[in-house]
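One structure is given below, encoded as structure tokens.
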Amino acid sequence: MDSLGNRIKQLRLQANLNKAALARKVGVSDVTISYWESGAIKQIGHERLVALADALSCTLGQLLEGETQLVTTPLYLRGQPPAPWQAASSNRIALSREILNGVSWDGECYLVTPAPGERFDYLENGDLAAFGPTENCDRPGHYLIEGAGGLYIGQLELSENGQPVCRSENDAGALPTPLEASEKIVGRLLARWRMEGA
């Protein structure tokens, strides 16, 4: 699988742009373009990814994974079930481990952003996130949880007996609380890209 840096370079050459011209279109220095292409910088913010795709006249899917058939449009995450990937028309994406910042994930993956007017902990309006559908918590992290009040993102860890418990980031002294009987895990947050300046 090609790396993101190789894809940026290939798409730049296909667009007949030198590094300086691409840098002007994206709003970064040509040195930054060199770092992206070499892989020295692996994390690229959401606004920069969108600007890169626009400047290179390609889709986010082509940029992130070299997809040519599938247009990758982020799914809207809403406060009410179902999770966005549970809809029949959901477009699955494949993200490389370098994009996922080394997170090990072999299942399906979906690109998600909060729907206009929706608010979630750990995910701001305009952020992009990669979620993997799962019903299990096998390691600490942020998970999408469906409860009586709707969908929310919680930070889960495993208790001594291996059960998932929710940790509150707002109250560092609070003990982790078990999930309610009516709550179920529906997805794991694999990666998040923040809007520039957020």
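Of note:
- Rounded percent of accessible protein surface that carbon and sulfur make up, region 123-172, 1.4 Å probe: 40
- Charged neighbours of Asp30, selected by a Cβ distance under 9 Å, balance to +2 (K, R count +1; D, E count -1).
- Distance (nanometres) between label positions extended 7 Å along Cα→Cβ at Leu13 and Arg194: 3.5
The values are calculated or read from the model by the stated rules, or taken from the named source; none is laboratory data. These figures come from a predicted structure and were not determined experimentally. Note that we place each Cβ from the backbone using ideal geometry, even for glycine, and neighbour counts take in every protein chain shown. The area values use the complete protein model at the heavy-atom level, side chains included, leaving out ligands, DNA and RNA. Shrake-Rupley method; radii C 1.70, N 1.55, O 1.52, S 1.80 Å.
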